[in-house]
Amino acid sequence: MVSAGLSASLLTDLHYRDRGGLLLRADSERYCRETLPVAAATAVGLLAVSGSYVLGRQGESGTGLLLYWIGLLLIFVPAGLGLLDPATSRRARITDCLLLGMGLLLAYLILQIHQFVRFDEMLHIRTLHDIRETGRLFTANSGLPVSPRFPGLEVVTNAVAQITRLPPQLSAFLVIVLSRGLLIAGLFLLAEQVTRSAHAAGIAVGIYSCSPQFFFFNAQYSYQTLAVALGVLLLMLVTNEAAGRTETVLAAGAALALTFSHHATSWVFVAILGMVTVAAFTRRDRRTATIFLGITVADLVLVASWAIVSGPLLNRYLGPVFHDAVFQLTGIASGTGETRKISTDSSGTRNPRWETVLIVLSLLIWMATLMPLGPFRRRPAADGRAGAVLRSLRLLQLLYPIALVATIAPKAAEISVRLSTFIFIGLSIITAYSIGWYIENHRRPLRWVVALFGTIAFMGGTLMGSGLDWNRIPGPYLVVADGRSIDSSANAAAQWAARNLPDGAHFAADRELGALLAATGNQYLVIGVPGGGNTGQILFAPSFHAQARDLLRRGQIRYYVIDQRLAEGLPHETYYVVNGEAPKGTRLTHAELGKFDITPGSRRIYDNGAVRIYDVSGLWEDSTSAVRAGR
């Protein structure tokens, strides 16, 4: 009897084990069927984007751009279709989200594996360089003075480099990838918490990838890239009703890291937490309101304290931006200002008209999601923390039209596009719930219609956030055009300067060369001159008259790096050196650059054909000595 009972029990156990194994195998097979086509399409898309970059370098920009868009759409469309499908498993949704986010990130980063050549990236590389060289924080960075005060990105990169023994470039690359993974996971989990739907969470990630800054700016080695991921992580953790000690510690760590990573992003998330607190009070949810009030006050104290410490730098950095934005908007309102030209840069270069049409269509699509019509009549509802967060996300979504209006002015457009990073957190989650519900309750072909509109929105958002076509793929040198101005001649000059110029020596250069040399060597870039003026005014001076020499003297500028190709046209990035160097639309001439060769006291010490480096100390050191002797 006992033997028979044991045998029956053993057979039953084996039956359930076998059944469990079959279920596990079936689940794995389903997962592979759902994700492998998306992974294959992403791989082919990356290959196509790589090919477009090769064609761009060979001067085949037209064919290269076509292949570029084919590659991006191969990454976006299959993943988007998988996320829209109600039958897709949760595990496959998360995988599709990561494939989409990482695929688009790698499509951007392929060009950056060996060297960061974007202007903002090179400025942050200088901060990283100073941390590695000195072993200290807060070393002055003249190219971006506020950067050393918010060194979170560079501190993490330095830690990765020390732990893994990887070169700084690959360490920075890895930090960007980890930041993107954190952003995708945090956004998915946040959306899932407030909508109670993995389907909606996946769609939210797909919508967020259509935001203007997702593909381009938030993929750069820049402090906002890490800060946005930390902010989303913080919001996700504090939304969790079941948060315990571990989640509390992680949230505190995210808030602290965010504060020391990026000034604007930390304030935006203080504002979001404040909105959540107000939403909880208006719902008369005293428990939730009390919790979020404590979180908001703690975060506010942290962010405000560091802002006070960094106040002068922040004021000099952000003050002019907001002043110019308000001035331009009021000028446009009064009829005296000039509106921003979409798809046109400061050199007069324009994008094809079809790109402008796509941008406008994408804007109309997002405006339509704000209307309580069709699928968008259905909004998510929740209680407790999730309910308060939902209300604040809805408010973020409603800020979209205001941000859109601000794009009519150049400086206001810079702020508006930056804000879209945060507005799309709310827009993506609220819209995703409506779309998900509508697809689940209507015919299957609707998924393809939504995918079509999503494709338009993705292309329009990417076009809006990445500028003109010359900024998308590599090609021949262009005048002051971000990465298109960094070529072999520029790199050769930067390497020579790093090896041969004295550490700490003051130098001046155009916008792109200045950032490159600052990122490569230990010299000090001078842009603004103490007492007023800037180094761009020296370039535009017809000769080294008294004013130009005075600028050199007050800036203690020993070297001026000149790219002779600057005289070939107007800058594509607004100015040659810095705003205020000359009236808008003024073009540098060969004669103005030639004064460095014909004026006694200016000595050419390096020349590779395109880039020359001059020792200009002889133009001002004698006068400085005379002044000192007179005293």
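The values are calculated or read from the model by the stated rules, or taken from the named source; none is laboratory data. As the structure is a prediction and not an experimental result, all values here were calculated from the model. With ideal geometry, Cβ positions are generated from the backbone for all residues, glycine too; neighbour counts draw on all protein chains shown. For the accessible areas, the whole protein counts, side chains as well, though only heavy atoms, and no ligand, DNA or RNA atoms are used. Shrake-Rupley method; radii C 1.70, N 1.55, O 1.52, S 1.80 Å.
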Look at ALA325 and say whether it is open to solvent by less than 30 Å² (accessible area, probe 1.4 Å), among the small types (Gly, Ala, Ser), in contact (Cβ under 8 Å) with a residue 12 or more places away in the chain and closer than 30 Å to GLY143 by Cβ. yes
If you scan segment 483-515, which residues turn out to be of a type in the set (Lys, Arg) and closer than 20 Å to GLN220 by Cβ? ARG484, ARG511
Pick from segment 386-436, criterion among the polar types (S, T, N, Q) and under 30 Å from THR574 (Cβ atoms), ranking: modelled with the highest pLDDT: THR421
Would a scan of segment 174-197 turn up a residue that is farther than 22 Å from LEU106 by Cβ, free of Cβ contacts under 8 Å to residues at least 60 places away in the same chain and either in the same structural domain as VAL77 (by the TED database) or among the aliphatic types (A, V, I, L, M) (or both)? yes
All conditions in (1) closer than 25 Å to ASN500 by Cβ; (2) open to solvent by 10 Å² or more (accessible area, probe 1.4 Å); (3) aliphatic (A, V, I, L, M) are true of LEU516 except (2)
Test for THR157: is it modelled with pLDDT of 95 or more, touching an Asp or Glu at 6+ places or on another chain (Cβ under 7 Å), of a type in the set (Val, Ile, Thr) and not in a loop (DSSP other than H, G, I, E, B): no
So ARG284 ticks every box in (1) open to solvent by 20 Å² or more (accessible area, probe 1.4 Å); (2) farther than 30 Å from ILE527 by Cα; (3) in a helix (DSSP H, G or I) but one. Which box is left unticked? (3)
Matching residues in segment 249-295 (small (Gly, Ala, Ser) and within 21 Å of TYR221 (Cβ to Cβ)) number 5
Quick check: is even one residue across segment 339-350 under 28 Å from SER428 (Cα atoms) and of a type in the set (A, V, I, L, M)? yes
Residue check: is ARG245 surrounded by fewer than 13 Cβ atoms within 10 Å (Cβ to Cβ) and at pLDDT 90 or above? no
Log entry, pairs with first residue in segment 199-210 being in contact (Cβ under 8 Å) with a residue 24 or more places away in the chain, second being open to solvent by 10 Å² or more (accessible area, probe 1.4 Å) and acidic (Asp, Glu), beta carbons closer than 6 Å, six or more apart or on different chains, reads ALA201/GLU192
Please indicate, with yes or no, whether at least one residue in segment 336-349 is over 30 Å from ILE456 (Cβ atoms), modelled with pLDDT of 90 or more and open to solvent by 40 Å² or more (accessible area, probe 1.4 Å). no
If the requirement is being touching a Leu at 6+ places or on another chain (Cβ under 6 Å) and within 24 Å of LEU123 (Cα to Cα), which of these qualifies: THR139, THR225, THR157? THR157
LEU178 fails exactly one of (1) surrounded by 19 or more Cβ atoms within 10 Å (Cβ to Cβ); (2) under 17 Å from the mean Cα position of the chain (by Cα), namely (1)
Segment 181-227: number of residues that are small (Gly, Ala, Ser), part of a loop (DSSP other than H, G, I, E, B) and open to solvent by 10 Å² or more (accessible area, probe 1.4 Å): 1
Kindly indicate which of LEU36, LEU81 is farther than 30 Å from SER222 by Cβ, among the hydrophobic types (A, V, I, L, M, F, W, C) and open to solvent by less than 30 Å² (accessible area, probe 1.4 Å). LEU81
With the first residue restricted to segment 499-510 and required to be farther than 14 Å from ARG612 by Cα and in the same structural domain as SER617 (by the TED database), and the second required to be of a type in the set (Phe, Trp, Tyr) and loosely packed, with under 11 Cβ neighbours inside 10 Å, Cβ contacts under 8 Å at 6 or more apart or on different chains are none
Restricting attention to segment 448-507, and to residues there that are touching a strand residue (DSSP E or B) at 6+ places or on another chain (Cβ under 7 Å), in a helix (DSSP H, G or I) and not aliphatic (A, V, I, L, M), which single residue is most open to solvent (accessible area, probe 1.4 Å)? TRP496
Would you confirm, using the coordinates I've provided, whether SER222 is in contact with a His (Cβ under 7 Å, 6 or more places away or on another chain) and farther than 15 Å from THR95 by Cα? yes
Does at least one position in segment 140-153 carry a residue that is touching an Asp or Glu at 6+ places or on another chain (Cβ under 9 Å), open to solvent by 10 Å² or more (accessible area, probe 1.4 Å), outside any loop (DSSP other than H, G, I, E, B) and more than 18 Å from ALA494 (Cα to Cα)? no
Filter pass, GLU133 being surrounded by fewer than 20 Cβ atoms within 10 Å (Cβ to Cβ), within 14 Å of ALA518 (Cα to Cα) and acidic (Asp, Glu): yes
Quick one: which residue in GLY521, GLY531, GLY536, GLY514 is farther than 25 Å from PRO168 by Cβ and touching a residue at least 24 places away in the same chain (Cβ under 8 Å)? GLY536
Output the number of the condition that VAL405 fails; it satisfies all remaining conditions of (1) open to solvent by less than 30 Å² (accessible area, probe 1.4 Å); (2) under 23 Å from the mean Cα position of the chain (by Cα). (1)
Residues that are in contact (Cβ under 8 Å) with a residue 24 or more places away in the chain and among the polar types (S, T, N, Q): does segment 159-167 have at least one? no
